[in-house]
Amino acid sequence: MKTLKFMIILPLIALVVQNVAAKGQSTGLYLTANDYIVHKVSFGTANDKIKISGLFGTNTVVLIQDGKKQFFPKSEVFGYIKDGEDYRFFNNAEYQILSNNGLVIYGHTTLVQQGKGPKPTKLFYFSSGLTTAILPLSIANLESVYGKNPKFIYAVESLFKSDNELASFDSYNKQYKLAYLYAQNTM
């Protein structure tokens, strides 16, 4: 009986330890796109802090590790992970990677003039891969990049009537509708 309990409890303990260890690595830099793909974090531990940009933005990333600052040019770093969220640098700006299913969907929060003053607004972008240019998410840009894939473009044009609809998230299936559509129409 004790052996049976031990066989049941041991895998549960291993699962809890594995989850705690994975959550502990919540801050660090991805030096390359491949590092991001395999989640190989360089220069980071759970106690480290990353400073991305100052008041006017910078072209460097500051990693504070054990009280010591290390500076990295954004142009030489693919991105970073912070609080379980992945980001990519492009043209000295950081974009949150929201979906990576062949078609990469990004979010970027910026100040947009609304009413009496600027308000933080999340804008959506995409790229055809992890190392290609990041473009605003629009039907015209999708047609420009994926024009040689009429099956995908026709599906986009039939499902989405405006650019604002492209960032629709299916909460039931927990994925962006555009990413699902891309996966279904590129096989």
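Some points to look at:
- Scanning region 163-179 for residues that are in contact (Cβ under 8 Å) with a residue 12 or more places away in the chain and either under 19 Å from Asn141 (Cβ atoms) or outside any strand (DSSP E or B) (or both) gives Asp163, Leu166, Ala167, Tyr176, Lys177, Leu178, Ala179.
- Among the residues of region 25-76, the one identified as at pLDDT below 85, touching a helix residue (DSSP H, G or I) at 6+ places or on another chain (Cβ under 7 Å) and polar (S, T, N, Q) is Ser42.
- Taken over region 77-86, the criterion of being at pLDDT below 90 and surrounded by 12 or more Cβ atoms within 10 Å (Cβ to Cβ) is satisfied by Lys82 alone.
- Subset of region 110-124 (residues that are more than 15 Å from Tyr95 (Cβ to Cβ) and surrounded by 10 or more Cβ atoms within 10 Å (Cβ to Cβ)): Leu111, Val112, Gln114, Pro118, Lys119
- Contact annotation: residue pairs with Cβ atoms under 6 Å, 6 or more positions apart or on different chains, pairing a residue in region 142-158 that is under 12 Å from Tyr182 (Cα atoms) with a partner that is of a type in the set (D, E, K, R) and modelled with pLDDT of 95 or more, are Ile153/Glu143.
- Residue within region 97-107 that is surrounded by 11 or more Cβ atoms within 10 Å (Cβ to Cβ), in contact with a strand residue (DSSP E or B) (Cβ under 6 Å, 6 or more places away or on another chain) and not in a strand (DSSP E or B) present: no
The values are calculated or read from the model by the stated rules, or taken from the named source; none is laboratory data. In this text, all values refer to a predicted model and were calculated from it rather than measured experimentally. Neighbour counts are summed over all protein chains in view; Cβ atoms, including those assigned to glycine, are modelled from backbone coordinates with ideal geometry.
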